[in-house]
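J.: There's a structure below that I have some questions on.
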There are 2 protein chains.
Amino acid sequence: MQTVLTNNRQNTQPVSSVPHVVIIGGGFGGLYAAKSLKHAPVKVTLIDKRNFHLFQPLLYQVATGSLSPADIASPLRVVLSKHKNTQVLLDKVVDIDPEAKKVYLESEKELNYDTLVIATGVSHHYFGNDQWQTEAPGLKTVEDALEMRRRIFMAFEAAEKESDPEKKQALLTFVVVGGGPTGVELAGAIAEIAYKSLCGDFRDIDTTQAKVVLFEGMDRILPPYPPESSAQARQALEKLGVEIQTKTLVTDITNNTVTFRQGENTNKIEAHTVLWAAGVKASFMGRILAEKAEAELDRVGRVMVEPDLSLKKYSDIFVIGDLANFSHQGDRPLPGVAPVAIKEGEYVAKLIGKRVRGQAVEAFKYYDFGSLAVIGQNKAVVDLGFAQLSGFLAWLIWVFAHIYFLIEFDNKLIVMIQWAWNYITLGRGARLITETPLVSESQSKAKTSQYQLAEN
Amino acid sequence: MQTVLTNNRQNTQPVSSVPHVVIIGGGFGGLYAAKSLKHAPVKVTLIDKRNFHLFQPLLYQVATGSLSPADIASPLRVVLSKHKNTQVLLDKVVDIDPEAKKVYLESEKELNYDTLVIATGVSHHYFGNDQWQTEAPGLKTVEDALEMRRRIFMAFEAAEKESDPEKKQALLTFVVVGGGPTGVELAGAIAEIAYKSLCGDFRDIDTTQAKVVLFEGMDRILPPYPPESSAQARQALEKLGVEIQTKTLVTDITNNTVTFRQGENTNKIEAHTVLWAAGVKASFMGRILAEKAEAELDRVGRVMVEPDLSLKKYSDIFVIGDLANFSHQGDRPLPGVAPVAIKEGEYVAKLIGKRVRGQAVEAFKYYDFGSLAVIGQNKAVVDLGFAQLSGFLAWLIWVFAHIYFLIEFDNKLIVMIQWAWNYITLGRGARLITETPLVSESQSKAKTSQYQLAEN
């Protein structure tokens, strides 16, 4: 290791002739690609704008106060600490040049690559209504989850103080838009908060009077699952107290009012808390690839990839994870879920290692081991392909699958204990409402003094 | 419990003739006062601007990535859920009227009280240099701790990318201003991060080249402790690699440069991360009490209280915890620490209960069971009055004293496991760098789109 004072290289690109693999994004795809390159004769640089890998399948538990962000986050440097051929850079990619084989970073650094792996995922999609973002936040980042948590628990606090019965009911109404796994998990968790966890904590509201509504555009929730799973999930959610509205399209979200269309009818619901779980679109990197590398994009901006996950025009650029549209297997693209991203990352790492040695690799093939979604504290639906399970057994499968894939041992331990504790007590220890950090570089002094005046 | 729809009372004040105790602030003083009033024949309203009690003695561990905020926070509603005579309100007190016995809240509610207990604590004190707040954040709230964490870990990330050796060293220089318990604990933890936890995680910096400097104005660190404890703490910190500068006054903090005076000499140090642990001043409520209730304030704005913790002019207003200056015992006011606040809260609760029954109570008396400060992973100093301990035994006492006073059982369990795990691995699992929530009501759309553009 070089010491601080003697190191004055101009950038971090390797000076040796070892091939340089640059991976953009430290989610499931990028991290598993980097991990799998541990013994390959390459130098690896993993770039992420955050210093941690986030276990997104459990993010809704941060949003609903069951877990803390650190419980589901693993510092990328720790995970890759023993990978001596790998450097982690906290930075943002602003552009690429596939002809010169360069990546440009926000810090004004540039990196030369031999192979580029792009795994930057997707963000929320408001179907052309980006103004809804403020009223109905989505769930992709830790900050999104803390914002959802703040809104959910703040609504009950405000209801406790509200004397107007209509406003009180609007504060106690929660709308989740989108009946995929995230929407189902959020709606189930909010119902449990209202009808179980918070019981007895308030004096001027009865939290069991809260209303949790789940909107889905298709004719059943969990549309990618088999119909049996959808029906089981619906039954379990309704038992928890969730009101499910299918074939329902949200047409407006303004001033705590959600307008929705069901066939010919248009209706409104007053709801102080609206959460968005309806759609995703490809990230910024999709557009860059279309522009700079002639990549073909699908309708939501995902990059069409070749059977080996590379670009048609550039065989040294790979796109994996949610950003990739892999349509060479089955009649639909592979779904944007963690297991697909992991397998794609591992495949690309293997391909790169073999390519360096002059060996060929067969096209990527994904073996589906099933889909999982949880509904409340002890119920889930599991689709194993050959069998559909629901209820407590499905929930146990869900628990162990998630614990198993948590990256670090201490996370596994803490999450297991926290779940066991929450299961016994119905508690939600992580329900603290936090706010914008007091002092941050982008903040004005005005905000600071305002805070000082407002303190108790 | 009333149901939502039938409840349309105009405010939350009690309509019965049971005496109403209003407690402002849910820290150690306010929470223990409320807890101790469980069986008193009174109605209690506890008002806090946050929905949780924060275990402040461990806040530095959140700032340095050992614990998550939820590990040391207990939702006030959960702690007081079984106290059926108690209502928790998430609100801010903006004014009081001691003649009319009213408290005015930010939500435009007003409460009538029979007895008022004020426990709103203290905030940072920059000795007239409030412009330093942005450069050198203090440590009072969860947000403060997350901001400190962000700065500490971000400095290493920036150093990894910096090619200028001088800038690199400034990024790896950490200055802690103030050698009290918080300053000592912060400096020790940062030294451990740099010299132990992060070793091997970076490729272009050697984190053992980092510099951690602790400034103290007096002639020794931990000035309120016996000189033996100060000397032991100094020795332990220096062994960890902390540079200690006593008799040192900070005269300026601008553009990552700290200017300081030692006797006649003025010096400068380039440091990207400066943390403030030097002084506190009484909160906003002190000024309100001086203005509205003729309370006498000391030099830092604390309220001078009578031997029974009440105000001279209003025997139905009590001030407890860090905000109170209790000078009726010993030659100095009681220190602003958790045990004093707890005992004051319990005393006031007992007094209120007895007063309702027409009984008198003796003046408040504090029995000091000792002071504790931790220095790194397995060393502490403990002053038990009759004996001063240091090293591993002192650390064990520190560990158990803190676990014991954590409010909830699940917090005790999680913190114990997290500590054991950190102790074995020297790890800091909670080192994730988070930012301002993406969407918050006060944020402009502009910020949101900026974020979208910047994504990888």
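J.: Given (1) outside any helix (DSSP H, G or I); (2) small (Gly, Ala, Ser); (3) at the interface with another protein chain (Cβ under 9 Å from one of its Cβ atoms), identify the lone condition not met by residue A:100.
T.: Only one criterion is unmet by residue A:100, namely (3).
J.: Can you tell which of B:214, B:171 is buried (at least 24 other Cβ atoms within 10 Å of the Cβ), without any contact (Cβ under 8 Å) to a residue 60 or more places away in the chain and touching an Asp or Glu at 6+ places or on another chain (Cβ under 9 Å)?
T.: Values: B:171 fails: without any contact (Cβ under 8 Å) to a residue 60 or more places away in the chain.
Sole residue among the options that is buried (at least 24 other Cβ atoms within 10 Å of the Cβ), without any contact (Cβ under 8 Å) to a residue 60 or more places away in the chain and touching an Asp or Glu at 6+ places or on another chain (Cβ under 9 Å): B:214.
J.: If you don't mind, there's one more thing I want to ask. Has region B:394-412 got any residue that is in contact with an Asp or Glu (Cβ under 7 Å, 6 or more places away or on another chain) and closer than 17 Å to residue B:185 by Cα? Walk me through how you get there before you give the answer.
T.: The first filter runs over region B:394-412 and keeps only residues in contact with an Asp or Glu (Cβ under 7 Å, 6 or more places away or on another chain), leaving B:411.
Those still in the list that are closer than 17 Å to residue B:185 by Cα too: none.
No: zero hits.
J.: Condition first: within 30 Å of residue A:260 (Cα to Cα) and part of a loop (DSSP other than H, G, I, E, B). Now tell me which residues in region A:108-128 satisfy that.
T.: The initial filter retains those residues of region A:108-128 that are within 30 Å of residue A:260 (Cα to Cα), namely A:121-128.
Within region A:108-128, A:121, A:125, A:126, A:127, A:128 meet the criteria.
J.: While we're on this one: The conditions are (1) modelled with pLDDT of 95 or more; (2) outside the structural domain of residue A:294 (by TED's automatic domain parsing); (3) under 30 Å from residue A:275 (Cα atoms), and residue A:86 fails exactly one of them. Which is it?
T.: Only one criterion is unmet by residue A:86, namely (3).
J.: Here's a follow-up. Would you say residue A:433 is at pLDDT 80 or above, out of contact with any Ser or Thr (no Cβ under 9 Å at 6 or more places or on another chain), under 28 Å from residue B:81 (Cα atoms) and not in a helix (DSSP H, G or I)?
T.: On the way: at pLDDT 80 or above: yes; out of contact with any Ser or Thr (no Cβ under 9 Å at 6 or more places or on another chain): yes; under 28 Å from residue B:81 (Cα atoms): yes; not in a helix (DSSP H, G or I): yes.
For residue A:433, the condition - at pLDDT 80 or above, out of contact with any Ser or Thr (no Cβ under 9 Å at 6 or more places or on another chain), under 28 Å from residue B:81 (Cα atoms) and not in a helix (DSSP H, G or I) - is met.
J.: Next question, about the same structure. Identify all residues within region B:78-93 that are assigned to a loop (DSSP other than H, G, I, E, B) and either among the basic types (Lys, Arg) or more than 8 Å from chain A (Cβ to nearest Cβ) (or both); write none if there are none.
T.: Correct list: B:80, B:82, B:83, B:84, B:85, B:92.
J.: Another question, then. Taking residue A:322, is it among the charged types (D, E, K, R), under 21 Å from residue A:28 (Cα atoms), within 14 Å of chain B (Cβ to nearest Cβ) and touching a residue at least 12 places away in the same chain (Cβ under 8 Å)? Step through it out loud before you land on a result.
T.: Values: among the charged types (D, E, K, R): yes; under 21 Å from residue A:28 (Cα atoms): yes; within 14 Å of chain B (Cβ to nearest Cβ): yes; touching a residue at least 12 places away in the same chain (Cβ under 8 Å): yes.
It is true that residue A:322 is among the charged types (D, E, K, R), under 21 Å from residue A:28 (Cα atoms), within 14 Å of chain B (Cβ to nearest Cβ) and touching a residue at least 12 places away in the same chain (Cβ under 8 Å).
J.: If the Cβ limit is 8 Å and pairs must be 6+ apart or interchain, which residue in region B:252-273 that is modelled with pLDDT of 95 or more pairs with which residue that is β-branched (Val, Ile, Thr) and outside any strand (DSSP E or B)?
T.: As it stands, the answer is B:260/B:248; B:261/B:248; B:262/B:248; B:273/B:152, since those pairs meet every condition given.
J.: Could you list, in sequence order, the residues of region A:129-172 that are farther than 17 Å from residue A:254 by Cβ, of a type in the set (D, E, K, R) and under 19 Å from the mean Cα position of the chain (by Cα)?
T.: A:140, A:143, A:144, A:147, A:149, A:150
J.: Of these, B:253, B:269, B:205, which one is touching a helix residue (DSSP H, G or I) at 6+ places or on another chain (Cβ under 6 Å), farther than 24 Å from residue B:428 by Cβ and surrounded by 16 or more Cβ atoms within 10 Å (Cβ to Cβ)?
T.: Details: B:269 fails: touching a helix residue (DSSP H, G or I) at 6+ places or on another chain (Cβ under 6 Å); B:205 fails: farther than 24 Å from residue B:428 by Cβ.
Criteria check complete, one pass: B:253.
J.: Confirm whether residue A:324 is small (Gly, Ala, Ser) and modelled with pLDDT of 95 or more. Walk me through it before giving the result.
T.: Numbers: small (Gly, Ala, Ser): yes; modelled with pLDDT of 95 or more: yes.
Yes, satisfied.
J.: In addition: What's the total number of residues in region A:160-170 that are outside any helix (DSSP H, G or I), at the interface with another protein chain (Cβ under 7 Å from one of its Cβ atoms) and within 15 Å of residue A:256 (Cβ to Cβ)? Outline the logic, then answer.
T.: Step one: list which residues in region A:160-170 are outside any helix (DSSP H, G or I), which gives A:162-164.
Narrowing the set further to residues that are at the interface with another protein chain (Cβ under 7 Å from one of its Cβ atoms) leaves A:163.
Those still in the list that are within 15 Å of residue A:256 (Cβ to Cβ) too: none.
The qualifying residues number 0.
J.: Which condition number in (1) over 30 Å from residue B:200 (Cα atoms); (2) within 10 Å of chain B (Cβ to nearest Cβ) is the one that residue A:105 fails?
T.: Condition (1) is where residue A:105 drops out.
J.: Taking region A:197-256 as the search range and keeping residues that are closer than 22 Å to residue A:382 by Cβ and hydroxyl-bearing (Ser, Thr, Tyr), which one is nearest to the other protein chains (Cβ to nearest Cβ)?
T.: A:246
J.: Scan region A:208-227 and tell me whether some residue there is touching a Phe, Trp or Tyr at 6+ places or on another chain (Cβ under 8 Å) and in a loop (DSSP other than H, G, I, E, B). Break it down stepwise before answering.
T.: Initial filter on region A:208-227 (touching a Phe, Trp or Tyr at 6+ places or on another chain (Cβ under 8 Å)): A:208, A:210-213, A:215.
With the extra rule that they be in a loop (DSSP other than H, G, I, E, B), the set shrinks to A:210.
The answer is yes; a qualifying residue exists.
J.: Only one of B:288, B:269 is among the β-branched types (Val, Ile, Thr), outside the structural domain of residue B:134 (by TED's automatic domain parsing) and out of contact with any Gly (no Cβ under 6 Å at 6 or more places or on another chain); which? Let's see the steps before the verdict.
T.: On the way: B:269 fails: outside the structural domain of residue B:134 (by TED's automatic domain parsing).
Step by step, each of B:288, B:269 is checked, and only B:288 is among the β-branched types (Val, Ile, Thr), outside the structural domain of residue B:134 (by TED's automatic domain parsing) and out of contact with any Gly (no Cβ under 6 Å at 6 or more places or on another chain).
J.: A follow-up question, please. If you go through region A:30-47 one residue at a time, do you hit one that is of a type in the set (Phe, Trp, Tyr), within 21 Å of residue A:308 (Cα to Cα) and modelled with pLDDT of 95 or more?
T.: Narrowing region A:30-47 to residues of a type in the set (Phe, Trp, Tyr): A:32.
Next cut, within 21 Å of residue A:308 (Cα to Cα) only: A:32.
From what's left, modelled with pLDDT of 95 or more: A:32.
Checking region A:30-47: at least one residue is of a type in the set (Phe, Trp, Tyr), within 21 Å of residue A:308 (Cα to Cα) and modelled with pLDDT of 95 or more.
J.: For region B:402-432, enumerate the residues that are aliphatic (A, V, I, L, M), more than 10 Å from chain A (Cβ to nearest Cβ) and buried (at least 17 other Cβ atoms within 10 Å of the Cβ).
T.: B:406, B:407, B:415
J.: While we're here: Please verify whether residue A:176 is within 13 Å of chain B (Cβ to nearest Cβ), in contact (Cβ under 8 Å) with a residue 40 or more places away in the chain, in a strand (DSSP E or B) and surrounded by 24 or more Cβ atoms within 10 Å (Cβ to Cβ), treating the condition exactly as stated.
T.: Values: within 13 Å of chain B (Cβ to nearest Cβ): no; in contact (Cβ under 8 Å) with a residue 40 or more places away in the chain: yes; in a strand (DSSP E or B): yes; surrounded by 24 or more Cβ atoms within 10 Å (Cβ to Cβ): yes.
In short, no.
J.: Give the residue, chosen from B:360, B:380, B:349, B:373, that is surrounded by fewer than 17 Cβ atoms within 10 Å (Cβ to Cβ) and either of a type in the set (A, V, I, L, M) or facing chain A (nearest Cβ under 10 Å) (or both).
T.: Numbers: B:380 fails: surrounded by fewer than 17 Cβ atoms within 10 Å (Cβ to Cβ); B:349 fails: surrounded by fewer than 17 Cβ atoms within 10 Å (Cβ to Cβ); B:373 fails: surrounded by fewer than 17 Cβ atoms within 10 Å (Cβ to Cβ).
That would be B:360, the only listed residue that is surrounded by fewer than 17 Cβ atoms within 10 Å (Cβ to Cβ) and either of a type in the set (A, V, I, L, M) or facing chain A (nearest Cβ under 10 Å) (or both).
J.: Of the residues in region B:129-159, how many are within 7 Å of chain A (Cβ to nearest Cβ), crowded, with 21+ Cβ neighbours inside 10 Å and part of a helix (DSSP H, G or I)?
T.: Residues of region B:129-159 within 7 Å of chain A (Cβ to nearest Cβ): B:133-134, B:137, B:141-144, B:146-147, B:153, B:157.
Those still in the list that are crowded, with 21+ Cβ neighbours inside 10 Å too: B:137, B:141-142, B:144, B:146-147, B:153.
Filter once more, keeping what is part of a helix (DSSP H, G or I): B:142, B:144, B:146-147, B:153.
The number of residues fulfilling the criteria is 5.
J.: Here's a follow-up. In region A:22-77, which residues are away from chain B (no Cβ under 12 Å) and in a loop (DSSP other than H, G, I, E, B)?
T.: A:37, A:38, A:39, A:40, A:41, A:42, A:64
The values are calculated or read from the model by the stated rules, or taken from the named source; none is laboratory data. All figures in this text were calculated on a predicted structure; none of them were measured in a lab. As a convention, Cβ positions derive from the backbone with ideal geometry for all residues, glycine included, and neighbour counts pool all protein chains shown.
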